[in-house]
Amino acid sequence: MSRAPTKKEKAKTFRAFLVELVIYIVFVTVYFFLVLHFLADWLQELHLHHVKLYALMAIVLIIGQAVLLETVTTWLLRFLRRRAV
């Protein structure tokens, strides 16, 4: 039989969620501007001349972003938790 979480546990979970959300916001923003800066011309060229390849690369970039950001955020949160203990 499980017990209901206490207010302290709920506050800690909510705080951890907010920290992770802020980290994601920063990383997604940086990722967006890096892709825009380094890949904009190449993606534009693909969009104009090779639509199917453009669509495939867009999907690869989306999946790559998800995997990379999840990995980096997980590592960073583990690192921060170890330092806090």
Task: Per-residue [θ]222 nm for the chain (sum of -39500 (n - 2.57) over DSSP H runs n ≥ 4, rounded to 500) - done: -33500 deg cm²/dmol
Task: residue 3-residue 34 FRET efficiency (beta carbon distance; Förster radius 41 Å; 0.05 resolution) - done: 0.35
TODO: Would you mind putting 15-21, 3-9 in packing order, based on average other-beta-carbon counts within 10 Å, highest first?
DONE: 15-21, 3-9
TODO: Compare 50, 37 by solvent-accessible area with a 1.4 Å probe and give them largest first, with all protein chains kept in place.
DONE: 37, 50
Open item on the list: Accessible area of the chain with a 1.4 Å probe: how many percent of it is carbon plus sulfur?
Closed with: 72
Open item on the list: For the chain, take the longest principal axis of its alpha carbons; what is the angle in degrees between that and the long axis of helix 7-49, to the nearest 10 within 0 to 90?
Closed with: 10
Task: Taking only Cα atoms of the range 2-84, radius of gyration then Dmax in Å - done: 18.4, 59
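Roughly how many Å² is the accessible area per residue of the chain, as a whole number, for a 1.4 Å probe?
Details: 7500 Å² over 85 residues.
On a per-residue basis, the chain sits at 88 Å².
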Open item on the list: At 1.4 Å probe size, what's the solvent-accessible area of residue 22? Round to the nearest 10 Å².
Closed with: 90
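The values are calculated or read from the model by the stated rules, or taken from the named source; none is laboratory data. Worth saying up front: this structure is predicted, and the values here are computed from it rather than measured. All Cβ positions, even for glycine, are placed from backbone atoms using ideal geometry, and neighbour counts span all protein chains on display. Heavy atoms of the whole protein, side chains included, go into the accessibility calculation; ligands, DNA and RNA do not. Shrake-Rupley method; radii C 1.70, N 1.55, O 1.52, S 1.80 Å.
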